[in-house]
Amino acid sequence: MQRDSDTADALIAADWVLTGASRLGTCAPDASPAAGGALGIIEHGAVAAHQGRIVWVGPESDLAQSVDLAGVPDSARLDAGGHAVLPGFVDSHTHFIFAGDRAEEFQLRHAGVSYEEIAERGGGILNTVRATRAADAETLLALGRSRLRSFAAHGTTTVEGKTGYGLDMATEARCLAIMDALAAEPGLPHIIPTFLGAHTLPPEYRGSTEGRARYVASICDEMLPAFAGKARFCDVFCERTAFTVDETRRILARAQALGYQLKLHANQLGATGGAELAAEFGAVSADHLDFASDNDLRALAAAGVTATLLPGCSFSLAMAYPQWQRFREAGLHLALATDYNPGTSYCENMQIMLALAVNAMHATLEEALLAATLGGARALGMQDEVGSLEPGKRCDLLVLTGADERELAYHFGVNLVERTVIGSIPSAKPISLPE
Ligand SMILES: [Zn+2]
């Protein structure tokens, strides 16, 4: 009798449970003694959660003796139907708040006009800036919501979102307010807001060095102080067509002093010194890195900066892909993200990024999946919150359409995610985009 009451006392309280998984890829080899391999796979694994957090992970055969299932209503029991289950994707680099599209420029680029040339003609980012400034808050909110539902439908449960299509106080503030409003809507991915006022020089400041200096000053003296506490990260596009190393250093120093965590668009189109700056400032992540040298990669690894790889850009810009092996050999923590944006990677589907990572960058599927989940979490400083299926983390997961996660990257161009769960709540169904 004593033994029975001990066992009863030890049962873990839960209000949500997943069973029926063929393979549960925890992305955490220590999640359970039953987890094996780089992905911490539990054959016939189950998950229990309480108030949106995972409280137990293990083989389904151990579930009833570990978790108090009496407290789980029928409506909160999810049967994976013999399909594989993984943590939700953490997309640590997106620009999902904008209006308009750039389909015409995309065609021009592929007809031989360079991205930089289009930018110099006032196209590129500025095209989206015009459309975003002209859009009212209601339109931007509806666009953001539709896009987030589509992210979720493809398996993403956490989305970093950057401003940077406003480039003035009012529009940047509006974009942050929209992300804040969307963050409160249930069934949508978690949103991590980033201030990217230093995305490109706004048109009204162009044409003189004095104008450049005034815009950098407006970022440092007006926008950064106003958005402290509203945006978690500050990011800068450090590139020939955007901001110089000196300008970037000034912005990062000010942001750091105001309590922002740092990210950097670095070495995407050339060896511009961004990667060195990311290491110097101890940024949480350095993103792109197509033109990072071996020294840059070593410096980033030594500084503990996560390298975020964005193969959707290489794909859309028809550029060579950075090779995974270089980053692996540098001992870097790696994240894989979409860089969802209307110019250079108009794709919210992390499964496509997995396919590109494996087929074009020569990652193993395990490496790519870890970079798309726990790596993305690390690129947001959230590795204790999301990115793997283990007790204490948010109950964010996806159920695939098939029994084996190894179909990912192999069977590409279709949606292999059957359903997504965010904080124990099934994600909202996609809706069509507003015109
Ligand atoms: Zn970007």
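Residues in segment 208-262 that are part of a loop (DSSP other than H, G, I, E, B) and over 21 Å from Thr171 (Cβ atoms): Ser208, Glu239, Arg240, Thr244, Gly259.
In this structure, is Ala363 buried (at least 24 other Cβ atoms within 10 Å of the Cβ), under 30 Å from Arg109 (Cβ atoms), at pLDDT 95 or above and more than 16 Å from the ligand (Cβ to nearest atom)? Against the criterion (buried (at least 24 other Cβ atoms within 10 Å of the Cβ), under 30 Å from Arg109 (Cβ atoms), at pLDDT 95 or above and more than 16 Å from the ligand (Cβ to nearest atom)), Ala363 qualifies. Does Gln261 satisfy being in the same structural domain as Thr156 (by TED's automatic domain parsing), more than 28 Å from Ser427 (Cα to Cα), open to solvent by 50 Å² or more (accessible area, probe 1.4 Å) and touching a helix residue (DSSP H, G or I) at 6+ places or on another chain (Cβ under 7 Å)? No; evaluated as a whole, the condition is false for this residue.
Considering only residues of segment 345-360 that are surrounded by fewer than 24 Cβ atoms within 10 Å (Cβ to Cβ) and within 13 Å of the ligand (Cβ to nearest atom), which is nearest to the chain's Cα centre (by Cα)? Restricting to residues being surrounded by fewer than 24 Cβ atoms within 10 Å (Cβ to Cβ) and within 13 Å of the ligand (Cβ to nearest atom), the top hit is Cys347.
Going by the conditions given, is Thr306 in contact (Cβ under 8 Å) with a residue 24 or more places away in the chain, in contact with a helix residue (DSSP H, G or I) (Cβ under 8 Å, 6 or more places away or on another chain), open to solvent by 20 Å² or more (accessible area, probe 1.4 Å) and not aromatic (Phe, Trp, Tyr)? No: the conditions fail for Thr306. Of the residues making up segment 270-291, those that are open to solvent by 10 Å² or more (accessible area, probe 1.4 Å), modelled with pLDDT under 95 and under 21 Å from the mean Cα position of the chain (by Cα) number 1. Looking at Glu160, Glu116, Glu138, just one residue is of a type in the set (Asp, Glu), open to solvent by 30 Å² or more (accessible area, probe 1.4 Å) and in contact (Cβ under 8 Å) with a residue 24 or more places away in the chain, and that residue is Glu116.
For Thr338, indicate whether it is assigned to a loop (DSSP other than H, G, I, E, B), within 16 Å of the ligand (Cβ to nearest atom), polar (S, T, N, Q) and modelled with pLDDT of 95 or more. Explain how you work it out, then say what you get.
Values: assigned to a loop (DSSP other than H, G, I, E, B): yes; within 16 Å of the ligand (Cβ to nearest atom): yes; polar (S, T, N, Q): yes; modelled with pLDDT of 95 or more: yes.
For Thr338, the condition - assigned to a loop (DSSP other than H, G, I, E, B), within 16 Å of the ligand (Cβ to nearest atom), polar (S, T, N, Q) and modelled with pLDDT of 95 or more - is met.
Within segment 310-320, not a single residue is without any contact (Cβ under 8 Å) to a residue 40 or more places away in the chain and crowded, with 19+ Cβ neighbours inside 10 Å.
Taking the numbered list (1) outside the structural domain of Leu143 (by TED's automatic domain parsing); (2) over 17 Å from the mean Cα position of the chain (by Cα); (3) among the hydroxyl-bearing types (Ser, Thr, Tyr) in turn, Tyr321 passes all entries but (1). The one condition from (1) more than 22 Å from Ala231 (Cα to Cα); (2) of a type in the set (Ser, Thr, Tyr); (3) crowded, with 24+ Cβ neighbours inside 10 Å; (4) in contact (Cβ under 8 Å) with a residue 60 or more places away in the chain that Thr338 does not meet is (1). Checked against the criterion of being in a loop (DSSP other than H, G, I, E, B), more than 15 Å from the ligand (Cβ to nearest atom), out of contact with any Leu (no Cβ under 9 Å at 6 or more places or on another chain) and within 22 Å of Leu380 (Cβ to Cβ), the candidates Gly304, Gly331 yield just one match: Gly304. Report yes if Lys263 is of a type outside the set (A, V, I, L, M, F, W, C), modelled with pLDDT of 95 or more and out of contact with any His (no Cβ under 6 Å at 6 or more places or on another chain), otherwise no. For Lys263, the condition - of a type outside the set (A, V, I, L, M, F, W, C), modelled with pLDDT of 95 or more and out of contact with any His (no Cβ under 6 Å at 6 or more places or on another chain) - is met. Sub-8 Å Cβ pairs linking a first residue in segment 34-45 that is under 13 Å from His83 (Cα atoms) to a second residue that is open to solvent by 50 Å² or more (accessible area, probe 1.4 Å) and outside any loop (DSSP other than H, G, I, E, B), at least 6 apart or interchain, are His44/Glu60; His44/Ser61; Gly45/Glu60, ordered by first then second residue.
Rundown of residues vs (1) away from the ligand (no atom under 16 Å from the Cβ); (2) open to solvent by less than 10 Å² (accessible area, probe 1.4 Å); (3) assigned to a helix (DSSP H, G or I); (4) out of contact with any strand residue (DSSP E or B) (no Cβ under 9 Å at 6 or more places or on another chain), yes/no style:
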residue	(1), (2), (3), (4)
Ser61	yes, no, yes, no
Ala64	yes, no, yes, yes
Gly82	yes, no, no, yes
Leu86	yes, yes, no, no
Ile97	no, yes, no, no
Gly100	yes, no, no, yes
Glu104	yes, no, yes, yes
Gln107	yes, no, yes, yes
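Checking the structure you have, find out if any residue of segment 205-218 is open to solvent by less than 10 Å² (accessible area, probe 1.4 Å) and of a type in the set (A, V, I, L, M, F, W, C). So far as segment 205-218 goes, yes, one or more of its residues are open to solvent by less than 10 Å² (accessible area, probe 1.4 Å) and of a type in the set (A, V, I, L, M, F, W, C).
The values are calculated or read from the model by the stated rules, or taken from the named source; none is laboratory data. As the structure is a computational prediction, the values presented were derived from the model and not from experiment. Every residue, glycine as well, gets a Cβ built from its backbone with ideal geometry; the counts of neighbours run over all protein chains shown. Heavy atoms of the whole protein, side chains included, go into the accessibility calculation; ligands, DNA and RNA do not. Shrake-Rupley method; radii C 1.70, N 1.55, O 1.52, S 1.80 Å.
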